[in-house]
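Below you'll find the structure, written out as structure tokens, and then a few comments.
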Amino acid sequence: MSMPTYFISHGGGPWPWMPQAQAMYAPLRDALKDIPRQLGRTPKAILMVSAHWEAQGDHLLVASCAHPDMVYDYYGFPPHTYEIRYPAPGDPTLAAQVCQLLQSQGLPTQEDSQRGFDHGAFVPAYCIYPQANVPIVQLSIHGNYDPALHYAMGQALAPLRDQDILIIGSGLSYHNLRNMGAGGVEPSAQFDHWLQQSLALTDPQQRRQALLDWEQAPAARIAHPREDHLVPLMVAVGAAAHEPAHRFHHETQAFGGLTVSSYRFGPA
């Protein structure tokens with residue numbers, strides 16, 4: 001059986017290492033911790049598409065380091081969170097294959113031998129596999145945020161699912177840092193309802209078109225002023241082809257009242 005794909009709402013900053021954040025993030029932690037049970041087997045490796053790595057220019061980037069370092073791409077957090085280590089190995093062979101698959105579909109891609117794990121990668125990975133015993137390769141999004149491009153990325157990477165590679169798009173279903181309080185309650189709920197309806201479409205082409213037209217969704221530009229945290233979803237769905245969506249994580253009180261969701265594409 002092919003590996004499913006995932007889109008996860010990864011939360012804010014290095015929350016697993018902050019005791020004061022544990023109660024708020026308990027639903028997300030429980031959902032992520034359940035992924036190994038859902039899979040029923042340990043993947044050969046994880047291909048992580050993080051919202052926190054953007055390629056510019058005419059190419060995508062794939063991390064090819066055998067022993068990735070850490071990228072502390074957050075600000076204003078406690079000092080100890082800048083000493084976190086998540087020592088999962090990389091997988092240069094998988095990185096080269098990712099590069100080849102993308103290039104074969106006309107998507108220029110380059111290897112980056114220096115890139116480490118950013119918090120969009122190491123935070124969910126730690127919750128899923130705290131022993132850091134599954135290799136991880138990171139793939140960038142592109143800074144143009146083109147939904148069709150990111151869907152095509154997923155389509156190109158789909159063969160990896162038959163090789164026991166777990167593809168995870170790591171972002172947030174609602175990401176507006178200037179509207180995280182009461183003002184975000186209704187927009188996040190509206191956008192989440194549209195997302196649930198769109199991902200429930202059974203025709204792959206209809207689902208694809210709904211995602212490409214995401215800006216027409218209710219409260220779309222309130223939910224995502226910049227769609228960096230949304231386009232990892234396009235990769236996950238593109239790689240899933242006809243697989244049905246299963247919402248395995250859903251909250252209506254995240255960050256003090258926001259609605260957020262995470263999805264699996266394919267059977268557990």
(request) Could you grab me the full set of residues in segment 26-60 that are touching a Gly at 6+ places or on another chain (Cβ under 7 Å) and modelled with pLDDT of 95 or more? (result) 28, 49, 50, 51, 52, 54, 55
(message) Just to be sure before I move on: is residue 46 over 17 Å from residue 94 (Cβ atoms), touching a residue at least 40 places away in the same chain (Cβ under 8 Å) and in a strand (DSSP E or B) in the structure I sent?
(response) no
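Working only within segment 76-92, note down all residues that are over 23 Å from residue 142 (Cα atoms) and either charged (D, E, K, R) or assigned to a loop (DSSP other than H, G, I, E, B) (or both).
Residues satisfying the conditions are 76, 77, 78, 83, 84, 85, 86, 87, 88, 89.
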(request) Please indicate, with yes or no, whether at least one residue in segment 51-68 is farther than 17 Å from residue 119 by Cα, in a helix (DSSP H, G or I) and in contact with a Leu (Cβ under 8 Å, 6 or more places away or on another chain). (result) no
(request) Those residues that are part of a helix (DSSP H, G or I), touching a His at 6+ places or on another chain (Cβ under 9 Å) and over 19 Å from residue 173 (Cβ atoms), I need them from segment 12-37; list them, please. (result) 17
(request) Might you let me know whether segment 176-183 holds any residue that is within 22 Å of residue 112 (Cα to Cα) and out of contact with any helix residue (DSSP H, G or I) (no Cβ under 6 Å at 6 or more places or on another chain)? (result) no
(request) Tally the residues that are crowded, with 21+ Cβ neighbours inside 10 Å and in contact with a Pro (Cβ under 7 Å, 6 or more places away or on another chain), restricting the search to segment 177-195. (result) 1
(request) Kindly indicate the residue of segment 244-268 that is under 17 Å from the mean Cα position of the chain (by Cα) and surrounded by fewer than 20 Cβ atoms within 10 Å (Cβ to Cβ) and also farthest from residue 159 (Cα to Cα) among those meeting that condition. (result) 250
(request) Determine which single condition residue 245 fails, assuming it passes every other condition in (1) modelled with pLDDT under 95; (2) touching a Leu at 6+ places or on another chain (Cβ under 6 Å). (result) (1)
(message) So the check is Cβ under 6 Å with 6+ separation or different chains; which pairs have a first residue in segment 144-162 that's over 19 Å from residue 205 (Cβ atoms) and a second one that's among the polar types (S, T, N, Q)?
(response) 161/2; 162/2
(request) Go through segment 93-111 and count every residue that is outside any loop (DSSP other than H, G, I, E, B) and surrounded by 18 or more Cβ atoms within 10 Å (Cβ to Cβ). (result) 8
(request) Taking the options 101, 107, name whichever one is touching a strand residue (DSSP E or B) at 6+ places or on another chain (Cβ under 7 Å) and of a type outside the set (D, E, K, R). (result) 107
(request) Report, by residue number, each residue of segment 112-132 that is touching a residue at least 60 places away in the same chain (Cβ under 8 Å) and assigned to a loop (DSSP other than H, G, I, E, B). (result) 115, 118, 129
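Restricting attention to segment 196-236, which residues are in a loop (DSSP other than H, G, I, E, B), crowded, with 16+ Cβ neighbours inside 10 Å and without any contact (Cβ under 8 Å) to a residue 40 or more places away in the chain?
If the condition is that a residue be in a loop (DSSP other than H, G, I, E, B), crowded, with 16+ Cβ neighbours inside 10 Å and without any contact (Cβ under 8 Å) to a residue 40 or more places away in the chain, then 201, 217, 219 are the ones that fit.
The values are calculated or read from the model by the stated rules, or taken from the named source; none is laboratory data. Keep in mind the model is a prediction, meaning the values are calculated, not measured. Cβ atoms come from the backbone with ideal geometry, glycine included; neighbour counts cover every protein chain shown.
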